[in-house]
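The values are calculated or read from the model by the stated rules, or taken from the named source; none is laboratory data. As the structure is a computational prediction, the values presented were derived from the model and not from experiment. Here the Cβ is made from the backbone with ideal geometry for all residues, glycine too, and neighbour counts use every protein chain on show. What goes into the accessible areas is simple: the full protein's heavy atoms, side chains included, and nothing from ligands, DNA or RNA. Shrake-Rupley method; radii C 1.70, N 1.55, O 1.52, S 1.80 Å.
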Amino acid sequence: MTDFTYAVDADGVATITWDVAAKSMNVMSTQAFARLSDLVDLGLADPGVKGMIITSGKKDFAGGMDLNVIAEMRAGGAQAIFDGVMRMHGVLRKIELAGMDFKTRKGGKPIVAALPGTALGIGLELPLACHRIIAADNPKAKIGLPEIMVGIFPGAGGTTRLVRKLGAMMAAPFLLEGKLSDPKAAKMAGLIDEVVAPEALLVRAKEWVLAAKDADLVKPWDDKGYKMPGGAPYHPAGFMTFVGANAMVLGKTMGVYPAAKALLGAVYEGALVPFDVALRIEARHFTGVLLNPSSTAMIRSLFINKEALEKGANRPAVADQSVKKLGVIGAGMMGAGIAYVAALAGIEVVLIDAAQDSADRGKAHSADLLDKGIQRRKVTAEKKAEVLGRILATTDYAALAGCDLVVEAVFEDPKVKAEVTAKVEAAVGAECIFASNTSTLPISALAKASARADQFIGIHFFSPVDKMNLVEIIRGKQTGDRAVAKALDFVRAIRKTPIVVNDARFFYANRCIIPYINEGIRMVAEGVAPALVENAAKLVGMPLGPLQLVDETSIDLGVKIAKATRAAMGAAYPDGAVDAVLFWMADQGRLGKKSNAGFYAYDAAGKREGLWTGLAVQYPHASDPDLTTVQHRLLMAQVLEAVRALEDGVLTDIREGDVGAILGWGFAPWSGGPFAWLDMIGASRAVEICDALVQAHGARFEAPKLLRDMAAQVQSFYGRFAAQKAA
Ligand code: NAD
């Protein structure tokens, strides 16, 4: 075990260097933690050692805990988790007290954390236990506690220490939102103590160790008369914070995220007791969170599997297909966004539209976004010039020469797309891959316009392109492996998360979103209070209710899709009741947010004011289903479609189904995705719910055969499919 090495210099300063072999980023394992503990003991026991520096042998300090450790801990059950966490607290507390006599607060050895770069999770919790945190001035470094993003919270003392260091209010964005900062911002916020030039990091750390006095080693919370900044819960100021925080967090999370609740519990209860008791309380809440299936599911989807997909888990074994020069045809909302993210990633872009001013407008979108970045001090003027310099806005197809990937984002019309395909293929080399950003048209049909169908693929971005991280890659019937690899390498370069699906109507994401919206609208037609529909969705963790979602995406788009689907399906079309509402809304000129009128009412500035009262006049209140039934309808509408997509072979990997659902349309992130949710409730309970819904609401809720089989065999999705694709 060589994750940590130890060396003492001639001045009696020991340096503990963290450098995990064969990994580009340090992550903490159980064995490494034990080794760190031994080395700290060594330094504390050696009379020749005056103090210690804990640093990294890599360009970054650490990315966090090895998540396999968390899986191991979980396997041992509650007591094992609690004991393991308490052992970690013991080691960090040993560093913090550093051998001092606790009565006199004297005689400890200074221990400083020297961070060359990124320090996340345990990579910050460990420094927080040291006596001083010095970071290199590395603007690329990210410092913070992002645990909440994957459904847990900082459980190695980070919660307790940060709240005592900054106060509950100031610590809130770091703990509750997982806010990350660069070193300078982290210093400003009080997260760390000093920022120095990278080359001075270790020199300055040593200087601090040698100059440190007894008083420098005593943490405020170990000092007599310590008071929590901003006030503890029963201090008048603290009272306001704690009452407010509780309401704010529940308002934001709707109570479905166990980690947020547990974090608040740890902070509140911890604030009322001495530090060491607070650590025990933190450990108990942390244990509870680790045992909650939501945290397992969130870590699996939002961290482990998301990363696996980004690294190319489903990439065909084809040589590197990095994109050197990208063509984008159609400089509208989507094309302009695609050009921006590609240029930002350093790719040369040719942005083509039918008219020069349209192409220029598309390029101006990048300028606008970069200007916003400049306002927020995230982008420099040079960076803006550099990125814009990579985008050529033109009408001239000849400029596409040398492109190795072209993405079209012209009107959603097969004829227009076919013309563009032919024009592009005439202008580019034989190796160029052609992608369509269509949201509804089957790729295999569009590929008929191509002379090279094996090089034709779907790359489906979500709007707005710069914000939405999912990209759905669609393999047409004839799409070859090189095209898939090209699309994946492109998505990787622009740092988004890909899923690869097979071709079918609406691919994967839209296939699941549409039934969700439709189910909401159908309930309106039945006379269910629209507020119940919207709130039921939010209370189960959907970021937007179905009616708000259709307002955002626009009601006329809904009408267009409904008409096209009806034309394709003929008599089998099941959504007449939905269309009656949708078409009526469109006839009223209520096209959604963009027209300042939809299922919601909007003020002149476009701010949502509440559900439109006219809806209740047209569809009077006639039905009062209970909350759970409404939630089951809304969830099953999406989830059963995901299962059918798997059954049909559109999805080939449940990991993509779960990650894609959360990133693509915000499917209840606390659940880890539709398949994870089904695993949580169990296949037989799911079938039971479906059977009841079929009785009351119709055949669309019929449990797919796969789900029934799994119920009969008492199987879970991750149990059944994990063997196929290592999760
Ligand atoms: P848009 O109307 O904003 O942009 C289309 C652009 O294509 C326009 O600038 C138009 O001038 C240009 N164009 C049309 N015909 C052209 C031609 N022959 N040659 C060159 N340029 C031409 O549309 P959009 O919302 O950006 O959508 C574009 C594509 O992306 C569509 O296929 C759409 O289905 C798909 N898509 C849209 C969204 C979305 O949310 N809007 C999401 C995913 C995918």
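Assorted remarks:
- Positive minus negative residues near residue 253 (Lys, Arg vs Asp, Glu; Cβ under 13 Å): +2
- With DNA, RNA and ligands ignored, accessible area of residue 320 (1.4 Å probe; Å², nearest 10): 110 Å²
- Reducing segment 19-93 and segment 115-162 to their Cα centroids gives an inter-centroid distance of 13 Å.
- For residue 584, solvent-accessible area (1.4 Å; no DNA, RNA or ligand), Å²: 50 Å²
- Around residue 373: net Lys/Arg minus Asp/Glu count, Cβ-Cβ under 15 Å: +1
- DSSP beta bridges in segment 325-505 [antiparallel fraction, %, rounded to 5]: 15 percent
- Bridge orientation summary for segment 4-291: considering DSSP beta bridges with both residues in this region, about 30 percent are antiparallel.
- Global geometry of the chain, whether rounded, prolate or oblate, following the gyration tensor of its Cα atoms and the 1.5 cut on a/c: prolate
- Taking each residue as 0.36 nm, the span from residue 584 to residue 712 lengthens on full extension beyond its C-alpha to C-alpha distance by 41.7 nm.
- Efficiency of FRET from Cβ geometry, residue 46 and residue 322, R₀ 56 Å, rounded to 0.05: 0.65
- Take every pair of alpha-carbon atoms less than 8 Å apart whose residues are at least six positions apart; their mean separation over the length of the chain yields a relative contact order of 9 percent.
- Projected label points at residue 567 and residue 361, each 7 Å from Cα along the beta carbon direction, are separated by 2.5 nanometres.
- The loop-placed trypsin sites (Lys or Arg not before Pro) in segment 429-481, going by DSSP, that have at most 13 neighbouring Cβ atoms within 10 Å of their Cβ come out as 467, 477.
- The label point for residue 75 and the one for residue 311, both projected 7 Å from the Cα toward the Cβ, are 1.9 nm apart.
- Computed [θ] at 222 nm, deg cm²/dmol, the chain (DSSP H ≥ 4; -39,500 (n - 2.57); rounded to nearest 500): -15500 deg cm²/dmol
- Amide N of segment 49-64 lying under 18 Å from the label point, which is placed 7 angstrom from the Cα of residue 19 along Cα→Cβ: 53-63
- Residues in the chain average 41 Å² of solvent-accessible surface per residue, probe 1.4 Å, ligands and nucleic acids excluded.
- The heavy atoms of residue 37 offer some 20 square angstrom of accessible surface to a 1.4 angstrom probe.
- Cα gyration tensor shape of segment 429-508, rounded if a/c is under 1.5, else prolate or oblate by comparing a/b with b/c: oblate
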